[in-house]
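Worksheet: the structure to be examined is printed underneath.
Only the coordinates and a few stated rules stand behind these numbers; no lab work does. In this text the structure is predicted, and so the values were computed from the model without any measurement. Reconstructed Cβ throughout: ideal geometry from the backbone, glycine too, with neighbour counts over all protein chains shown.
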Amino acid sequence: MITIYDQRETSFTNNGLGVIKASSAVVTEELNGMYELEVKCPNIIENAGLMQYIKEFNLIRAPTPRGHQIFRIYRTIKLLTGEIAVNARHIYYDGLYNLVRSASGQGSVDLAIRTIYGGLAYSSRFNVSSTLSGYVDFEYTNTNPINAILSDEGIMGTLGKGEILRDNYNITVKESIGENRGFVVRYRKNLTGLNVETKIDNMATRILPIARDEEGEPLYLPETFVNSPYVNDYFMPIFAPLEFSDIRLGDDIYPDLPTVYAEMRRRASAFFETESDRPTVNAKIDFILLRNTAEYSEYASLENIFLGDTVNAVHDGLSFNMTSKCIKYTYDCIMERYKSLELGHFRGDFAASTGRDMGTLRTIGRNNSTTLEQLEARMNSHIHNSSDGTQRISYFDLANRPT
């Protein structure tokens, strides 16, 4: 059931302004990315009296894989047929309209997120928490809470890890929001409804770690390179330099060469632990097409997975198995079942997680399916350095937000 509410509604235990008879209603959610609802409302007798309420800022409650969720309308299009096409964002994105005047401190991720929401210019109903490990030193002024948590310079971007679970007004940041439910997908060619893409653009099997000496000159390992376990699996080593701008010989943290070398090796090895030394494999499963095939029974169980769940992916064309995640889905709110799932590698920003600056090669090891860039474009954020060197994030310009 899809219901509509006034923009100021705080209780969703009733039918609000009424139940919408939709001709289509689809939710799309990406891991750490967009979470939106698209609804088409025909001008029919069942919707009489409700069409006037289908407008910007009003709220829609609709079924999703995790139960009914609340979405706020941000765009409506009135068609010649009298039908209204609606775009609505998950209620979490109310944060785009708010402002963090000042939030700073040192401590756990949970403390940082609670401090950010506690510093909002307009008090919010959100219950926020985090079980994500890590220590953060943060300072945000004149930004919005979405940017402060999800952008590259936000809490999760700085740590280079974490997944956000959005459940109406309950927001939790975790190491992983999914589970391993034992699902296995064996990729095959020419299976209607299953589109598999393998890419090698962002992989590397031989890393050139670079630190700095006392004079700021490049400092290399005695062995020069660090190899992946898969370095000999391809026609040649695939090279990539990793510059660790924060590792400098002679400072308090790295007083001597053995300490510097050990940290350079550790971070280079950590790069391979992100599976950045292997091709990325993404599978898009179209359940509408797949249901018409004899092989559907093999994949039917995938309709019981959730965003962030891990799946063991077996690819006959590669010499190893991979663990993929459900990184995106589209869900039919009327039929209450998936239309499609996307499985793939979810990689956080390795630059942030290791402290290294890759410069022009910054794309290597990044999450191929990340939507942080999309969020930044959506929020039109501008990052700059203040006169005292403190990095701050400017406030989202509501007047120029994209529609």
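Listed values, structure above:
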item	result
Top positive-direction residue, dipole computed over the stretch 206-273 with Cβ charges, set Phe272, Pro222, Pro241	Phe272
Dipole in debye (nearest 20) - the stretch 206-273, about Cα centre, beta carbon charges: Lys, Arg +1; Asp, Glu -1	360 debye
Cα Rg, Dmax, the stretch 197-346, angstrom units	21.3, 66
Whether the stretch 206-273 is rounded, prolate or oblate, judged on the alpha carbon gyration tensor where a/c under 1.5 counts as rounded	prolate
Cβ-based charge dipole, the stretch 106-234, positive-most Cα from Val196, Ile207, Asn232	Val196
Highest-first arrangement of 159-166, 260-267, where packing means the average Cβ count within 10 Å	159-166, 260-267
Qualifying aspartates and glutamates (Cα of each under 20 Å from Cα of Lys40; at least 8 residues distant if same chain)	Asp6, Glu29, Glu56, Glu83, Asp332, Glu336
Per-residue Cβ neighbour rank within 10 angstrom, fewest leading, Arg114, Arg291, Arg61	Arg291, Arg114, Arg61
Sequence of Asp6, Asp309 once ranked by neighbouring C-beta atoms within 10 Å, starting from the fewest	Asp6, Asp309
